[in-house]
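Asks: Below is a structure I'd like to ask you about.
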């Protein structure tokens with residue numbers, strides 16, 4: 001999705017006539033719905049400088065210009081693109097625009113991280129050259145047309161407020177590798193930037209380059225599960241961008257410092273669904289192993305561990321695999337500092353006690369911290385889905401204080417799931433009444449979200465989608481007894497919806513549900529799918545989530561008796577009814593939020609409650625009505641532009 005598109009002539013005219021800010025604001029409001037004029041005006045100076053750059057007779061006036069291009073499958077945007085031809089090949093020059101005036105070299109971290117003055121204080125962030133290169137790399141990775149036509153992407157960065165200085169930290173040899181891939185231009189180097197553009201853009205855009213970048217065939221993003229074996233053999237399978245790369249380097253730096261100094265440390269990483277927590281966790285595991293540290297990946301939920309182990313089968317000995325991936329209940333008897341690093345994914349799912357009968361140890365958070373020199377907790381408190389889930393930032397800090405452990409913190413915001421749409425997740429929170437957001441009518445324009453009238457149609461769609469690459473699954477709320485458990489037969493069905501003559505079994509356990517192609521005919525629950533991702537997910541919402549009297553309500557009495565997620569709720573309802581009501585309400589809403597964010601490309605819903613289905617249809621209708629209005633206005637604007 002592009003916020004602004006024109007020719008060089010059109011762009012220069014909009015800047016000269018002082019229309020650029022209004023045009024950007026209007027289109028941004030229509031497409032995104034969340035900005036202010038002051039935010040748009042902050043771009044004005046950068047765009048004025050880019051207009052000066054393009055006022056060169058040798059830069060073709062029919063070259064294409066695009067502003068704010070959203071990279072598919074992420075929440076990231078490219079600032080400025082100019083596209084054309086060099087006489088033989090199509091090129092698109094990607095310009096990362098920065099208004100920075102100060103840069104400090106950071107020798108402690110990888111040669112990607114710099115420090116600059118942002119938001120009222122000094123902040124660590126990625127070097128502009130790395131940022132521009134990583135954006136170009138992601139576009140190439142996701143856009144099949146860019147790779148096959150090909151369209152040659154040429155990234156660079158322009159810091160138009162940054163004065164050249166002696167022994168300049170911005171261009172220090174520390175960053176040479178990345179500057180070579182994406183040159184950086186400073187204040188006073190406009191002529192150099194012009195030369196860089198003219199090297200690739202000698203003729204205009206005759207082949208609709210921007211259109212092909214914006215509308216090219218999207219190759220599904222790489223799955224963490226599929227790439228695990230290659231990663232452990234030393235191949236980089238994922239390009240970490242922006243906050244991912246910064247947090248990754250910070251963790252490695254602080255971990256190695258603490259281990260070398262014989263001090264204990266903990267790093268808390270906060271991030272919502274699809275922000276790349278698991279990708280970052282596995283990259284950390286790989287790097288620490290390569291650097292000869294004793295590291296281990298830990299989750300409460302066995303599903304992701306089973307998937308990673310299956311993917312590694314044949315590349316490593318079973319004992320080695322088992323030593324890499326452990327459940328969170330394995331550390332109550334571990335010695336102090338037995339491990340160099342424990343990487344704890346889905347830390348919100350940690351329990352207080354361990355063991356089959358929850359009678360071992362003191363607290364899993366404390367035990368993990370005790371047994372590791374450096375521990376990393378990836379956490380999203382909005383994904384707590386059982387009464388036993390106790391992982392929280394507050395609790396981690398409490399035990400860190402007790403054990404004298406240094407605490408470091410970071411946060412992930414970049415979106416890689418739900419087609420890169422953080423808008424969809426905010427919209428979902430609003431729809432499920434988890435929290436009020438500004439996203440009443442924006443779920444991300446490229447995300448396929450549908451409400452279906454029958455579970456039969458839901459299954460048909462998922463089966464069809466699964467034929468593409470075995471990455472589509474059915475999941476359901478825990479409102480049906482698990483009578484098929486241990487029988488391992490698809491003839492025994494648990495989820496029965498009589499009025500549609502529909503039935504399906506819970507996942508049987510014959511094979512790993514996330515990987516077996518026959519699992520498309522089985523339903524996964526929250527415990528089967530949390531921590532995993534698919535291209536498409538079909539969600540059956542049971543009677544524990546309904547719509548009554550104009551509100552989305554939860555009803556824990558409709559959960560199956562075999563559901564261990566809310567074990568103990570009846571007793572707590574008698575003793576602490578207010579707290580119990582709030583806790584179980586949050587668990588049910590969080591469960592469906594988690595289920596509805598497992599799909600990277602689409603989510604399909606069937607509701608047993610007709611009123612809830614009607615409510616969701618109305619919310620989706622409002623989204624698409626607004627999108628149609630935006631498209632109509634954009635068509636009119638494009639006619640005016642050209």
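Every number in this text was worked out from the coordinates using simple rules, so none of it is lab data. Keep in mind it's a predicted model, so treat the numbers as computed, not measured. FYI the Cβ positions are ideal-geometry reconstructions off the backbone, even for glycines, and counts take in every protein chain you see.
Asks: Does anyone have the angle between helix 422-431 and the longest principal axis of the chain? Alpha-carbon axes, 0 to 90°, nearest 10?
Replies: 40
Asks: Once the Cα atoms of helix 302-312 and of the chain are each reduced to a long axis, what angle between those two axes, in degrees from 0 to 90 to the nearest 10, is obtained?
Replies: 60
Asks: Right, next: So what is the calculated 222 nm ellipticity per residue for the chain, using -39500 (n - 2.57) for each DSSP H run with n of 4 or more, over all residues, to the nearest 500 deg cm²/dmol?
Replies: Result for the chain, helices only: -12000 deg cm²/dmol.
Asks: Okay, moving on. Which whole-number percentage describes the relative contact order of the chain, with Cα contacts under 8 Å and a sequence gap of 6 or more?
Replies: 12
Asks: Residue 239 to residue 503: extension gain in nm, 0.36 nm per residue of separation minus the Cα-Cα distance?
Replies: Computed gain between residue 239 and residue 503 is 90.9 nm.
Asks: Please state the shape class of the range 224-412: rounded when a/c is under 1.5, otherwise prolate if a/b exceeds b/c and oblate if not, all from the C-alpha gyration tensor.
Replies: The shape class here is rounded.
Asks: A follow-up question, please. Averaged over every viewing direction, what's the projected area of the C-alpha convex hull for the range 436-628? Give it in nm², one decimal, please. It would help to have the intermediate numbers written out before the result.
Replies: Values: hull surface 47.4 nm².
Here the figure is 11.9 nm², rounded to one decimal.
Asks: Here is a follow-up. FRET efficiency for residue 56 and residue 122, Cβ-Cβ distance as r, R0 = 41 Å, nearest 0.05?
Replies: 0.70
Asks: Need one number: % antiparallel among DSSP beta bridges in the chain, to the nearest 5.
Replies: 40
Asks: Can you pull the Kirkwood radius for the chain, inverse mean 1/r over Cα pairs, to one decimal in Å? Mind dumping the intermediate values first?
Replies: Details: mean 1/r = 0.0378 Å⁻¹.
With all distinct Cα pairs of the chain included, I get 26.5 Å.
Asks: Could you please rank 130, 624, 592, placing first whichever residue has the fewest other Cβ atoms within 10 Å of its Cβ?
Replies: Least crowded to most crowded, the residues run 624, 592, 130.
Asks: Report the gain in length on full extension from residue 433 to residue 89: 0.36 nm times residue separation, minus Cα-Cα distance, nm rounded to one decimal.
Replies: Working: separation 344, 0.36 × 344 = 123.84 nm, distance 5.10 nm.
Result for the pair: 118.7 nm of gain on full extension.
Asks: With a ≥ b ≥ c the root eigenvalues of the C-alpha gyration tensor of the range 2-219, is it rounded (a/c under 1.5), prolate (a/b larger than b/c) or oblate?
Replies: Rounded is the answer for the range 2-219, as its axis ratio a/c remains below 1.5.
Asks: Efficiency by 1/(1 + (r/R0)^6): what FRET value for residue 77 and residue 358, r their Cβ-Cβ distance, R0 = 45 Å, to the nearest 0.05?
Replies: Working: r = 47 Å, r/R0 = 1.03.
According to the calculation, E is roughly 0.45.
Asks: At 4 °C and 1.567 mPa s, grab the translational diffusion coefficient of the range 304-395 from Stokes-Einstein with a Kirkwood Rh over Cα pairs, rounded to a whole number in µm² per second.
Replies: Answer from the Stokes-Einstein relation: 92 µm²/s.
Asks: Sticking with the crude label model, points 7 Å out along Cα→Cβ, report the distance from residue 19 to residue 187 in nm, one decimal please.
Replies: So the two model labels end up 3.1 nm from each other.
Asks: Arrange the following residues from fewest to most other Cβ atoms within 10 Å of their Cβ: 588, 462.
Replies: If I rank by nearby Cβ atoms, fewest first, I get 462, 588.
Asks: Would you kindly state how much longer the chain becomes between residue 9 and residue 206 on full extension, computed as 0.36 nm times their sequence separation minus their alpha carbon distance, in nm to one decimal? Working shown, then result.
Replies: On the way: separation 197, 0.36 × 197 = 70.92 nm, distance 1.49 nm.
Extending this stretch completely gives an extra 69.4 nm.
Asks: Most exposed first by the Cβ proxy, i.e. fewest other Cβ within 10 Å, how do 166, 626 rank? Before the final figure, lay out the partial values.
Replies: Numbers: 166 4, 626 17.
By the 10 Å Cβ count, ascending, the order reads 166, 626.
Asks: Efficiency by 1/(1 + (r/R0)^6): what FRET value for residue 567 and residue 464, r their Cβ-Cβ distance, R0 = 45 Å, to the nearest 0.05? Walk me through the numbers before you get to the answer.
Replies: Working: r = 37 Å, r/R0 = 0.83.
It comes to 0.75.
Asks: Relative to the longest principal Cα axis of the chain, at what angle does helix 610-641 sit, 0 to 90 degrees, rounded to 10?
Replies: Orientation of helix 610-641: about 10 degrees from the principal axis.
Asks: Quick one: of the DSSP bridges fully inside the range 436-628, what percent are antiparallel, nearest 5?
Replies: 25
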